[in-house]
1. Would you please list the contacts, defined by Cβ atoms under 7 Å and residues six or more apart or on different chains, that run from a residue in the range 233-255 that is surrounded by fewer than 16 Cβ atoms within 10 Å (Cβ to Cβ) to a residue that is outside any helix (DSSP H, G or I) and of a type in the set (S, T, N, Q)?
2. Are any residues in the range 135-155 surrounded by fewer than 16 Cβ atoms within 10 Å (Cβ to Cβ) and of a type in the set (Val, Ile, Thr), and if so, which ones?
3. Count, please, the residues in the range 265-305 that happen to be β-branched (Val, Ile, Thr) and not in a helix (DSSP H, G or I).
4. List the residue pairs whose Cβ atoms are under 6 Å apart, where the first residue sits in the range 184-206 and is farther than 12 Å from PHE153 by Cβ, the second is β-branched (Val, Ile, Thr) and surrounded by fewer than 20 Cβ atoms within 10 Å (Cβ to Cβ), and the two are 6 or more positions apart or on different chains.
5. Take the range 94-134 and flag every residue that is within 16 Å of the ligand (Cβ to nearest atom) and crowded, with 18+ Cβ neighbours inside 10 Å.
6. Can you tell me which residue among ASN234, ASN268, ASN249 is assigned by TED's automatic domain parsing to the domain that holds ASP202 and either touching a Leu at 6+ places or on another chain (Cβ under 8 Å) or polar (S, T, N, Q) (or both)?
7. Would you check which residues across the range 128-171 are farther than 25 Å from GLY208 by Cα and of a type in the set (Ser, Thr, Tyr) and list them?
8. Within the range 36-45, does at least one residue satisfy the condition of being outside any strand (DSSP E or B) and at positive phi?
Amino acid sequence: MGPETSLFTMALGLQAPWSVTDVRFDAQRKEIHFDVRFKPGSRFACPSCGAADQPVHDTRPRTWEHLRFFEHKAFIHAAVPRVACSQCGKTGQVPVPWARSGSGFSQLFDAFVIALAREMPVKTIADLLEVGDDRIWRVLDHYVPAARALEDFSDVTAVGIDETASRRGHNYITLFHDLDVGRLLFACEGRDADTVKTFAEDLRAHGGDPDAVTAACIDMSRAYIAGVARHLPNAAITFDRFHVIQLANAALEEVRRAEVREKPALKNSRWMWLKDKHSWTKRQIHQHHELSRMHLKTGRAFRLKETLRDIFTTATTRAEAEELGMSR
Ligand SMILES: [Zn+2]
């Protein structure tokens, strides 16, 4: 074993009886290949029953893709031993320390894939690493359910429910967030009432209790209202601020349209009324000043909408909100 093989044995994190016995560069293909071997005469624990010191029965050649060494794709080659167990009688393949069983990637490669998957789509990872996206999906399919199985949802009491469309449109998914700590709890396809049922089942499977959820923040869709009533029975529903203000804006525009026939001065004022007053242009400030002297219904609708906005911004209790609402 030369100095470069012992260096790479360390670089790959290998320990006895495993070591790198040869390193081959393929400059043209930009690849580096590591031959890894176990020390002849080594004995291994039985993968079935755990009995120690079983002799090697035979070996099977295998290859794993590893993290790149600079611009070189890296591959580990090894003959994987099987032991014929003297205790349980089974013949089984010994797990290797650098890869999980059945995977064509090393564990460090898997870890890199997982880290990338937090930041970018699977197709992008596949292109970046020059492997098929089906292989990336297999890594995620292995680790994501395993990691989710460890999640503890026992303290979840406030849930935010949102729909979002996939990038290509038409396919909707529903996202469930823990509003207390701002983490994503669950996602599933669709935007109907059954999504809440699926979430409640998942919550239960992770130590949570649908009956312990006392608050749900949703948009105004009938499906979510029905789903929460049925599957999160103790949750008080709060409508998302954005959707409520949107309704007030729609009502305001309805008032303006009705009034513009009698009051032509209201023409071309639509965006001024709908915009947050803090972002008005100079022209819009002037326009508002002129129009507010005319005692218009639209002006009153606007003040009601602004009050609603203020309530969302400043009130922290129902009593405070009611007081703000009465004072205008
Ligand atoms: Zn055994």
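The values are calculated or read from the model by the stated rules, or taken from the named source; none is laboratory data. Not measured: the values here are computed from a predicted model. Backbone-built Cβ (ideal geometry, glycine too); neighbour counts: all protein chains shown.
1. ASN234/THR214; ALA236/THR214
2. VAL144
3. So the count comes out to 1.
4. ALA187/ILE173; CYS188/THR198; GLU189/ILE173
5. VAL94
6. Numbers: ASN268 fails: assigned by TED's automatic domain parsing to the domain that holds ASP202; ASN249 fails: assigned by TED's automatic domain parsing to the domain that holds ASP202.
From the options ASN234, ASN268, ASN249, the qualifying one is ASN234.
7. Residues of the range 128-171 farther than 25 Å from GLY208 by Cα: 128-139, 165-171.
Scanning the range 128-171 gives a single hit, SER166.
8. Initially, the range 36-45 is screened for residues outside any strand (DSSP E or B), giving 39-42, 45.
Applying the additional criterion that residues be at positive phi yields 41.
Yes; the residues of the range 36-45 include at least one that is outside any strand (DSSP E or B) and at positive phi.
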